[in-house]
Structures are given as C-alpha cells and as structure tokens.
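Below: the structure, in structure tokens.
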Amino acid sequence: MDWTDATAPDLDDLEAMARAAIDALPPDYRAPARAVQLRIAEFAPDDVLDEMQIDDAYEVTGLYQGIPMTQKSFDDGPVEPDVIWLFRRPILEEWCGRGDIALTDLVSHVFVHELAHHFGWSDADIAAIDRWWE
C-alpha cells in the first residue's frame, strides 16, 4: 500500500464505520440501534470525564447517554434522546496500540458495547459474552 497520501480517519469516517456496524446487526437490533442518536467527537467532554472521575481522556472510547430500554416507562416525562458517543482519538490510540485488529472492527466493538448499555446490559453482562480484552 502506498501511504504517501494517506490521512488519519476523520469524524465522518468513524461515523460511516459505526453506521456500517448498525447495518450489520441482526434485523431485530437494527431498528432500536437506528433510534439512538450517534455522535462522534474527538474526546469526551471535560464535564463528562469529571463526572466519571476519569483523568485521562484517552481512557474513554465510547459512552451511552440515556435511559436504558429496560428502565423506560410510559410514565416518564420528556427526556433527552438516547445518544451513543464514539470518541475518535481514544479509538485511534487503542487501535494503534493494539496493532492486531482492523479499525472497522474496533469501531464496531465500541459501538455495540455502548448499544448493549442502551438495551440495559451492565458492563459485567457484556464482559460475560464479549471477552474483547483477551
């Protein structure tokens, strides 16, 4: 491959990868996944990092903000829309550091992990079936 004119994937590239991950989901999960807003940013905002008590912005590759489907009620008043955030620089940092996975696979993994939170899964539930770190 000729890397002469290659550039790092930008925000739009990561969004396209995440949208492709949605399209690859089993049919029963596609519609709920498409109902969640997708946002791509360079890093998690400082107020989010402070709330999570995280000092290093590179530690957060994605974030689900919303009320999980298992906790929603018809009695709920107006609420903010559910959002899945993907953070470009931490994702690229992990991808470079790993060196053993395609970027599209990593973006898909981060997106699906955050989508699982939308479905009401805890980190422990996700880890029980997704041994990503191994």
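The values are calculated or read from the model by the stated rules, or taken from the named source; none is laboratory data. This one's a predicted model, so the numbers in the text were calculated from it and none came from an experiment. Don't worry about glycine lacking a Cβ; one is built from the backbone with ideal geometry, like all the others, and counts go over all protein chains shown.
Things to note:
- Within the range 35-68, the residues that satisfy the criterion of being farther than 22 Å from Leu92 by Cα and surrounded by 13 or more Cβ atoms within 10 Å (Cβ to Cβ) are Val36, Gly66, Ile67, Pro68.
- Complete set of residues in the range 41-64 that are among the small types (Gly, Ala, Ser) and not in a strand (DSSP E or B): Ala44, Ala57
- Within the range 5-34, the residues that satisfy the criterion of being surrounded by fewer than 17 Cβ atoms within 10 Å (Cβ to Cβ), farther than 18 Å from Ala102 by Cα and out of contact with any Asp or Glu (no Cβ under 9 Å at 6 or more places or on another chain) are Asp5, Pro26, Pro27, Asp28, Tyr29, Ala31, Pro32, Arg34.
- Among the criteria (1) part of a helix (DSSP H, G or I); (2) out of contact with any Ser or Thr (no Cβ under 7 Å at 6 or more places or on another chain), the one Met17 does not fulfil is (2).
- Residue match in the range 70-83 (condition: surrounded by 13 or more Cβ atoms within 10 Å (Cβ to Cβ) and within 13 Å of the chain's Cα centre (by Cα)): yes
- Arg19 basic (Lys, Arg) and over 17 Å from Glu114 (Cβ atoms): no
- Meets criteria (more than 16 Å from His118 (Cα to Cα), at pLDDT 90 or above and out of contact with any Gly (no Cβ under 9 Å at 6 or more places or on another chain)) for Asp12: yes
To keep it simple, each residue is scored yes or no on (1) modelled with pLDDT under 80; (2) in a loop (DSSP other than H, G, I, E, B); (3) more than 20 Å from Ala33 (Cα to Cα).
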residue	(1), (2), (3)
Ile67	no, yes, no
Val79	yes, yes, no
Trp85	no, no, no
Glu94	no, no, yes
Ile101	no, yes, yes
Ile126	yes, no, no
